[in-house]
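Q: Below: one structure in structure tokens.
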Amino acid sequence: MISHWKANAPQAPYYAVIFISKKSSELEGYPEMDERMMQLVQEQDGYLGYSSKGDEKEGIFISYWRDQESISKWRANLEHGSAKTGAKTWYAYYHSMICKVESSNEHGTWLEMS
């Protein structure tokens, strides 16, 4: 598991967007788009960080957000929208969920901090 926070781990409440996926065999353009989205999301107001676990075929990616408005603005981002059009090709399966984090506890130094 990799976790990366823009600052310290946030205090609840905040939001988590959970994206569970299985990639297809059609990945042309995917690595470049994935890298661009990771760069672009860092610039979004309200983006707090992410956790990720997976391999070249399956994974879970969780992005953390200050509020629902921040998530909505990210969804409305034109480049992000363009990336989502490739989802039907790049993924054999995906499930996206938005959750409110009501409580959060942290112990130790397992998380990668920036």
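Q: Using beta carbons and a limit of 6 Å, which pairs, at least six apart or on different chains, have the first residue in region 33-49 and within 25 Å of Thr89 (Cβ to Cβ) and the second one assigned to a helix (DSSP H, G or I)?
A: Met33/Ala83; Met37/Ala83; Leu40/Glu79; Gln44/Trp74
Q: Looking at region 53-72, which of its residues are closer than 16 Å to Lys6 by Cβ and among the charged types (D, E, K, R)?
A: Arg66, Asp67
Q: Only one residue in Gln11, Gln44 is of a type outside the set (A, V, I, L, M, F, W, C), under 20 Å from Ile98 (Cβ atoms) and surrounded by fewer than 15 Cβ atoms within 10 Å (Cβ to Cβ), so which one is that? Walk me through it before giving the result.
A: Details: Gln44 fails: surrounded by fewer than 15 Cβ atoms within 10 Å (Cβ to Cβ).
So the residue among Gln11, Gln44 that is of a type outside the set (A, V, I, L, M, F, W, C), under 20 Å from Ile98 (Cβ atoms) and surrounded by fewer than 15 Cβ atoms within 10 Å (Cβ to Cβ) is Gln11.
Q: Mind checking whether some residue in region 19-41 is of a type in the set (A, V, I, L, M), under 27 Å from Asn8 (Cα atoms) and modelled with pLDDT of 95 or more?
A: Scanning region 19-41 turns up at least one residue that is of a type in the set (A, V, I, L, M), under 27 Å from Asn8 (Cα atoms) and modelled with pLDDT of 95 or more.
The values are calculated or read from the model by the stated rules, or taken from the named source; none is laboratory data. As the structure is a computational prediction, the values presented were derived from the model and not from experiment. Note that each Cβ is placed from the backbone with ideal geometry, even for glycine, and that neighbours are counted across all protein chains shown.
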